[in-house]
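The values are calculated or read from the model by the stated rules, or taken from the named source; none is laboratory data. Quantities reported herein were computed from a predicted structural model and do not represent experimental measurements. Methodologically, a virtual Cβ is constructed for each residue, glycine included, from the backbone with ideal geometry; neighbour enumeration extends over all protein chains shown. Side chains are part of the model used for accessible areas, which takes the heavy atoms of the whole protein and leaves out ligands, DNA and RNA. Shrake-Rupley method; radii C 1.70, N 1.55, O 1.52, S 1.80 Å.
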Amino acid sequence: MKTSKCNLSIACGIALVAIMLALPSRLPGQTAAANSSGGNEASATRWSVQIDQIDSGNLGLAYSFQIAIYENLVEELKKTKQFQQVFRDGDVRAGEVPNLLVLKTTVEKYTAGSETRRAVTTVSGATKLTVRSQLLTREGKVVFERTVNGDVRFFGSNLRATHNLAQNIAKTIKQSSWSGSGEPTAILTGQL
């Protein structure tokens, strides 16, 4: 009976040591970002982003669409985990962040759609949005610029186009050659 308990204790001790060796070690209070800073100082730079209010230009875009684009952008950029922090326009905490980019979004085209026409026919009634998105440094240097589209063609409310647009903007930023870490080096322009 004693040898059985002794063997069990030894086996548990060995299993515990094996688990501790297999898992990456962290000191209490150490974050994953600090732990991953490893060797290269430039690769440790994480950027935060502040999302400016949507500029509708002179298109007469409904305020509800502007707010929906803005709110969807905040959510979609958070989901990408591309940025250390995502700030709203006017957040005073953004001024304290050393590596901050500003996302400016300007509506270039807007085609109002009709949910009823989309439900009846599949060839008309689409709601379409085209915007120019720019990521700028505090100094105003453009590091990323793209024209992005969002629409709803078949089913869904007209505001669904704003969700699709925000998803496309976040996806474009994430898939760009500008990786979101290190010093931004080039202006990327194009259309999605």
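Looking only at the stretch 75-93, filter to residues that are among the aliphatic types (A, V, I, L, M) and surrounded by 19 or more Cβ atoms within 10 Å (Cβ to Cβ); which one of those is nearest to the chain's Cα centre (by Cα)?
Checked the stretch 75-93; the qualifying residue nearest to the chain's Cα centre (by Cα) is Leu77.
Does any residue of the stretch 94-110 turn out to be open to solvent by 50 Å² or more (accessible area, probe 1.4 Å), at pLDDT 85 or above and in a loop (DSSP other than H, G, I, E, B)?
Yes - at least one qualifying residue is present in the stretch 94-110.
State whether one or more residues within the stretch 124-133 are of a type in the set (A, V, I, L, M), modelled with pLDDT of 95 or more and surrounded by 14 or more Cβ atoms within 10 Å (Cβ to Cβ). First the steps, then the outcome.
Keep residues of the stretch 124-133 that are of a type in the set (A, V, I, L, M), which gives 126, 129, 131.
Subset that is modelled with pLDDT of 95 or more: none.
No, because not a single residue in the stretch 124-133 is of a type in the set (A, V, I, L, M), modelled with pLDDT of 95 or more and surrounded by 14 or more Cβ atoms within 10 Å (Cβ to Cβ).
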